[in-house]
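The values are calculated or read from the model by the stated rules, or taken from the named source; none is laboratory data. Just so we're clear, the structure is a prediction, and the values are computed from it rather than from any experiment. Don't worry about glycine lacking a Cβ; one is built from the backbone with ideal geometry, like all the others, and counts go over all protein chains shown. Each accessible area value is taken on the protein alone, full model and side chains, heavy atoms only, with ligands, DNA and RNA left out. Shrake-Rupley method; radii C 1.70, N 1.55, O 1.52, S 1.80 Å.
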Amino acid sequence: MEAVLKSPCDEQHPQQAEDFHENLEQSSKPSAGVKKDIEKLYEAVPQLVNVFKIKKKIGEGTFSSVYLATAQLQTGYEEKMALKHLIPTSHPLRIAAELQCLTVAGGQDNVMGVKYCFRKNDHVVIVMPYLEHESFLDILNSLSFEEVREYMFNLFKALRRIHHFGIVHRDVKPSNFLYNRQLKKYALVDFGLAQGTPDTKIELLKSAHSEDQQGSCLQMNPIVTLGNGVSVSVTAPKQIAQQSASKAADRRSSSLSKVQMKQGRGGKEDSVHHSVQRSVFGERNFNVYSSTYQENSSTKLIKQSKVIDVSSRKLVTKKKIMSTRTVSSGAARKAASACPLNLPCDCYATDRVCSVCLSRRQQVAPRAGTPGFRAPEVLTKCPTQTTAIDMWSAGIIFLSLLSGRYPFFKASDDLTALAQIMTVRGSRETIQAARTFGKSVVCTQVVPTQNLRTLCEKLRGTNSSCKGSQGEGPSRSENNTALSVAADKPCAPETLGKQIEHLQSLQEGDGALETKEADMKGWDQVPDEAYDLLDKLLDLNPATRITAKEALLHPFFKDIRF
């Protein structure tokens, strides 16, 4: 199979590429654990031994690991390759669909292609061209404005390409859009979560179902309480007409609600009730992903007795968790069988779930993707999701580039993520957009729309001379918010009011990045077109959100050649 995407060592920059490779070769040798993984890969797929020399592991995800290897070509030249080893538990149809995406749409317009594929039993290795690339986090605040413009243009070229074939990537983020700053090469990678549109040209995507559709959804009426009476909930529209409460239903559901609350504090299923950290956009500790969520819950569970030892505590805790889950699931089934279908809901906009809601069928909708990059229709589990979700993710990348903050959004659950989006795009706008795709969002506090230019300039620490009147919301407001929580410390859920105060302090200069005049690199001349494009990318309504083809024709790219 012929590869169209070339290695960085191309004919135009031979010396540059050679120096670039030599610098990377000086990096640390693989650890003992990585060496063991490489040996296991050779054993699992012995065909690789005579073709590739695996150097090191360069990436690892939930469904695959990626290795850097060299292949000895017939011309005598050693070419670098990326070997993607898919975990054996991946569904064969999903693997075949990913391969078809790479072969049909890949190889041009900044979409990664494929060279070979090896299989032995249930082990599959996809061989792709290797593109040297920089870490997004490392270069974020050193990029010039022109580089950002070129970056986004090339991202839209890749998205236009895959959307033309009816491919929804579902996981667009910086680490999946490789960028070689020196050679100005780009590559959209990782189609492991890709889905097809109804008219997709990828045949295998028509029959491939996302793994996230099976059991990874919440109940019909999920609610997140942010403290001091402030809460956000999402329901189906038909439920709104059934909000009158009855005392009888309250008595039937009270005992079950108590069990649920206990399970929320002790188990992982009901995570919205945990006192967990809410690290979101604008945080200073960019590169730390907190693991305190699970550690915090387990710490609480272990605190049982002062007499028994630690192992005994863990055993007692485990038994209690199992007992609670059994009682909860049993009570839920009993309640489900006892509740008539027309019984009015009694927990709407409260911090509990009643037996009536538990009896309703679960919502099933795709929600694959990376937290912080999921579109509103994904967060609210809209069953119909289109290529517009990729454009939202591209908008989040653009937001990070313009503000100099990454990750911009970060939340522990979908409803908190939706609340964070509200702090930038506005609560009324979010509620109105949700209605267009059949959802009802309830927020107990009105949050105005944020002015995107003012927000980004304050966070980046710049003051552009090209100011415009983009955005309908005020440039500063008590109700425009962000959270900034140290990633290594657990913290209780914050209220929207505290989030608002924090973003206001950032806008006043406490959290803004200091930018010297000599290092402005065009950031003092950001045109209005940039924020107009950002506004269209972050359109809450997927039906009116800008497409990749339209984005390439936007005035922001008027002097960039295709």
- Select from region 72-98 the residues that are among the hydrophobic types (A, V, I, L, M, F, W, C) and out of contact with any helix residue (DSSP H, G or I) (no Cβ under 8 Å at 6 or more places or on another chain) and write down the one among them that is farthest from G192 (Cα to Cα). L73
- Item | Residues of region 187-204 that turn out to be outside any loop (DSSP other than H, G, I, E, B) and either open to solvent by less than 10 Å² (accessible area, probe 1.4 Å) or in contact with a Pro (Cβ under 7 Å, 6 or more places away or on another chain) (or both), as a count | 3
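Matching residues to (1) aromatic (F, W, Y); (2) in a helix (DSSP H, G or I); (3) open to solvent by less than 30 Å² (accessible area, probe 1.4 Å):
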residue: A69; (1), (2), (3): no, no, yes
residue: G76; (1), (2), (3): no, no, no
residue: A96; (1), (2), (3): no, yes, no
residue: V104; (1), (2), (3): no, yes, no
residue: G113; (1), (2), (3): no, no, yes
residue: R119; (1), (2), (3): no, no, no
residue: V124; (1), (2), (3): no, no, yes
residue: E134; (1), (2), (3): no, no, no
residue: I139; (1), (2), (3): no, yes, yes
- Task: All but one of (1) within 29 Å of V189 (Cβ to Cβ); (2) among the aliphatic types (A, V, I, L, M); (3) touching a helix residue (DSSP H, G or I) at 6+ places or on another chain (Cβ under 6 Å) hold for V447, so report the exception by its number.
- Result: (1)
- Item | Given (1) crowded, with 16+ Cβ neighbours inside 10 Å; (2) at pLDDT 95 or above, number of the condition A543 does not satisfy | (1)
- Note on the structure: Sole miss for V49 among (1) modelled with pLDDT under 95; (2) in contact with a Phe, Trp or Tyr (Cβ under 8 Å, 6 or more places away or on another chain); (3) closer than 30 Å to K184 by Cα; (4) among the β-branched types (V, I, T) is condition (3)
- Which of the residues spanning region 423-448 are open to solvent by 40 Å² or more (accessible area, probe 1.4 Å) and closer than 21 Å to G372 by Cβ? E429
- Message: Quick check on V172: is it farther than 16 Å from L68 by Cα, part of a loop (DSSP other than H, G, I, E, B), aliphatic (A, V, I, L, M) and touching a helix residue (DSSP H, G or I) at 6+ places or on another chain (Cβ under 7 Å)?
- Response: yes
- Positions within region 152-184 being surrounded by 22 or more Cβ atoms within 10 Å (Cβ to Cβ) and among the hydroxyl-bearing types (S, T, Y), in sequence order: Y179
